[in-house]
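First up is the structure itself, then whatever we jot down about it.
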Amino acid sequence: MICIFILWNNVSNLQTRPAAGIPSHWVVDGIHMGHAVSRFNELTSFTAKGTNTDVIRLHIGLRGNYSFHYRQLNTDFHLIGGHHNIMYSPEFDMTVENRTLELETFGIQFPRETFLKFTQNASDLLKRFGDQVAAGRSVLLSDQWGAVDPQIQQVVHQIINNHYSGDLQQLFLLSKSIEMLVLCAESCSLAMNKRQEFVRTPGDKEKIIAVRDLINDRLSEPPSLSQIARTVGINEYKLKRGFKEVFNTTVFGYLTEQRLLLAYQYLMDTRKTAAEISFELGYSTPQHFNNVFKKRFGLTPDSIRKNP
């Protein structure tokens, strides 16, 4: 099992598992992708080392908080669920402190030459990063970690839940690995140029992450903005502005996207009708669901149903 970027080796109080029934590791053309939910018995610190050093690591923290000291960069980071970055070092080891008892991570490891090939005509940020990689220097794409916005979350979701096999799966995974690279670079570039006006402290970030988690837990019966604000202890103005600042979308936009992604998965994995799904996810009518779904995916719900 592979948990990209932070490889939890020799940690006695840890259980790492994929989500039930879902593969946790995929390989295409030497590119490794991994997804894991790591559960600890206690808050602790430990050393994590990379077993394959000549790779570029794209790391996405989906849930949970932790800190780490990256020895090759001589840098400390304190990360709160919903972040990503890209890094390279000829050697790789760090000291990690988990701040929550459960962490969910996703990542991609690109072979060095493959990454350089992908990025030779990429954005300026990726090309500068690639120049450092080619020179064998330890480097982080951005000092400002990017946010896991709905686009990145969607690609993670698509990879984890893909139903393809054989050559078709290989093509799908290759395309998604490149898409993820582009999205993460764009997001980090945006973070570098964005002034934090509403989310200035780790406490602020934790509250905004709590808003996201609350929405995810109640997609079919979402709470109102005032209810969310009371639950997480933040005023509505800062809630709306802070959420947009972190996730590059509004609270309503995020809710709509997550509902539609869940509906898509229901259509792929269950025999529920479109009408049943629309009712379960809180849409006013099946026709409203059908219209919103078609606008988002370009197809009606029934047309993407898997063949029996």
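Computed over protein heavy atoms with a 1.4 Å probe, the carbon and sulfur contribution to the accessible area of the chain reaches 48%.
Projected onto its three principal axes, the C-alpha set of the chain covers 57, 49, 42 Å, listed from the longest axis down. Neighbours of Tyr66 by Cβ distance under 15 Å: Lys/Arg scored +1, Asp/Glu scored -1, total -2.
Once C-alpha pairs closer than 8 Å and six or more residues apart are averaged by separation and normalised to the residue number of segment 218-297, the relative contact order reads 27 percent. Of all lysines in the structure, those lying under 16 Å Cα to Cα from Lys205, and not within fewer than 8 positions of it along the same chain, are Lys194, Lys238, Lys240, Lys244. For Ile152, the shell of other residues with beta-carbons less than 10 Å away shows a net charge of -3, using +1 for Lys and Arg and -1 for Asp and Glu. For the chain, the longest principal axis of the alpha carbon atoms and the long axis of helix 251-269 meet at an angle near 80°. Seen against the Cα atoms of the chain and their longest principal axis, helix 150-160 is set at about 80 degrees. Accessible surface computed residue by residue for the chain, with neighbouring protein chains in place and a 1.4 Å probe, gives 48 Å² per residue. Taken as Cα centroids, segment 111-184 and segment 25-41 sit 15 Å apart, rounded to the nearest whole angstrom.
Straightening the chain between Arg241 and Arg195 buys 15.3 nm, computed as 0.36 nm per residue apart minus the Cα-Cα spacing.
Cross-link partners of Lys272 among lysines, defined as those whose alpha carbon lies under 30 angstrom from its own and excluding same-chain residues fewer than eight positions apart: Lys176, Lys294, Lys295, Lys306. By how many degrees, between 0 and 90 and to the nearest 10, does the Cα long axis of helix 236-247 differ from the longest principal axis of the chain? Value to nearest ten degrees: 50.
The values are calculated or read from the model by the stated rules, or taken from the named source; none is laboratory data. Computed from a predicted structure; not experimentally measured. Every residue, glycine as well, gets a Cβ built from its backbone with ideal geometry; the counts of neighbours run over all protein chains shown. Note: areas computed on protein heavy atoms with side chains; ligands, DNA, RNA excluded. Shrake-Rupley method; radii C 1.70, N 1.55, O 1.52, S 1.80 Å.
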